[in-house]
1. May I ask you to evaluate 6.51 cos²θ - 1.76 cosθ + 1.60, the Karplus curve with θ = phi - 60°, for each residue of region 275-280 and list the ³J(HN,Hα) values in order in whole Hz, giving x for glycine and proline?
2. Place the peptides 74-86, 203-215 in order of packing, highest mean first, counting for every residue the other Cβ atoms within 10 Å and averaging per peptide.
3. Tell me which lysines have Cα within less than 27 Å of K275's Cα, excluding those fewer than 8 residues away on the same chain?
4. Residue-wise, which Karplus ³J(HN,Hα) couplings in Hz belong to region 53-69, taking 6.51 cos²θ - 1.76 cosθ + 1.60, θ = phi - 60°, and x for glycine or proline?
5. Quick one: 3J(HN,Hα) in Hz for region 83-96, Karplus 6.51/-1.76/1.60 with θ = phi - 60°, rounded, Gly and Pro as x.
6. Pairing the Cα long axis of helix 70-79 with the longest principal axis of the chain, what angle in degrees results, from 0 to 90 and rounded to the nearest 10?
7. Taking K305 as the anchor, which lysines have their alpha carbon closer than 24 Å to its alpha carbon, excluding any fewer than eight residues away along the same chain?
8. Which value in deg cm²/dmol, rounded to the nearest 500, describes the helix-derived mean residue ellipticity at 222 nm for the chain, given -39,500 (n - 2.57) per DSSP H run of n ≥ 4 and division by the residue count?
Amino acid sequence: MSKLPSVAVVILNWNGRAFLESFLPSVCASAYDGNLEIYVADNASTDDSVAFVEGHFPAVKIIRNASNSGFAGGYNEALQQVKADIFVLLNQDVEVEPDWINPVINAMMEDPTIAACQPKLRAYHERDSFEYAGAAGGWMDILGYTFCRGRILYTTEKDKGQYDTPQDIFWASGAALFIRSDCFFEVGGFDPYFFAHMEEVDLCWRLQRAGYRITFCPRSTVYHVGGGSLPQGNPRKLYLNFRNNLIMLCKNLHFDEQWIILSQRHFLDFLAALKSLVAGKPRDMAAIFRAYRDYYRWRRTEEKKAHDIFPRKKLYDLKGVFRGIMIWRYYFLNKRTFNVLTHFRKRINNI
């Protein structure tokens with residue numbers, strides 16, 4: 001058997017003393033047959049997170065980032081200081097099972113083209129249900145809307161073993177992301193402009209463009225609280241999701257697809273803004289318009305700086321792409337679970 005790769009679990013922390021106290025013990029109890037190191041990368045916290053870790057978990061290594069540059073910039077800065085074959089990027093609000101590392105590493109060792117992989121994400125407070133941030137692997141539809149096996153928009157499924165097969169996916173959740181360190185740096189790491197939200201989708205898209213695979217490993221399970229930094233329904237979260245999704249599409253879409261996809265997205269996002277207004281949520285509408293303002297600002301000032309050295313591939317040539325419009329089928333055809341959604345699409349294709 002070949003030598004097992006070295007693994008570094010890196011937990012990005014920002015004012016997360018309570019989360020670290022609850023969940024770091026499970027991480028420190030992780031079993032791995034090779035070399036394993038655990039890091040807490042602190043994003044300039046103002047609480048006593050670092051002192052707590054130093055006092056209670058002396059084996060955990062501390063990285064102190066100079067400022068809070070979000071998920072994207074924080075990991076980019078911290079990972080420059082970590083030496084390992086495989087990085088495991090783990091949210092501070094995740095509880096792990098003892099043998100969560102070995103199955104993923106074994107799957108990645110079987111195929112060197114697998115650049116990134118995620119375990120199964122279940123909800124910490126509803127442990128038999130999938131969790132919003134990743135469930136059983138991330139997908140994307142032809143208009144750039146993201147969803148998961150086990151979670152479409154705000155509908156999450158119970159885990160009944162329906163997705164217990166390994167498969168290629170479009171994106172792996174940043175809540176528990178296994179990634180080869182050389183692949184991370186090869187594609188330029190996270191885009192720091194994103195700050196938070198969608199950065200892992202953008203990274204995985206670039207990895208696919210570089211010829212790598214992104215996969216899901218059902219034999220590993222973690223439990224995610226979710227919403228630890230920005231809860232669902234927060235206008236700031238809405239702003240980042242809309243802005244970063246548009247930037248990601250502009251950066252990665254094949255040039256032949258850009259106009260038709262972005263024009264449809266602009267129309268649908270305008271309808272989403274109107275819906276927010278009608279629903280009595282003017283702050284959400286304002287967040288969407290701010291997202292568009294800053295997207296066009298990015299196109300004027302930042303687009304040429306984007307790390308774009310790999311060929312752009314059409315969406316249908318990538319794994320984990322749903323060849324339909326997810327929100328149409330969700331809202332108007334009531335297709336609200338992954339298997340129902342994709343089965344319906346396959347049936348239409350066969351007519």
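1. Ordered by residue, 3J(HN,Hα) equals 4, 4, 5, 4, 7, x Hz.
2. Descending mean neighbour count gives 203-215, 74-86.
3. K237, K335
4. 5, 4, x, 10, 9, x, 7, 7, 7, 10, 10, 9, 6, 5, 8, 8, 9
5. Along region 83-96, the couplings run 10, 6, 6, 10, 8, 10, 8, 10, 5, 5, 9, 10, 9, 10 Hz.
6. So the helix axis and the longest Cα principal axis differ by about 40 degrees.
7. K251, K313, K314
8. That calculation yields -12000 deg cm²/dmol at 222 nm.
Since every read-out is calculated from the coordinates, none of them should be taken as a lab result. Only a predicted model underlies this, so the values are computations on that prediction, with no experimental measurement involved. Neighbour counts are summed over all protein chains in view; Cβ atoms, including those assigned to glycine, are modelled from backbone coordinates with ideal geometry.
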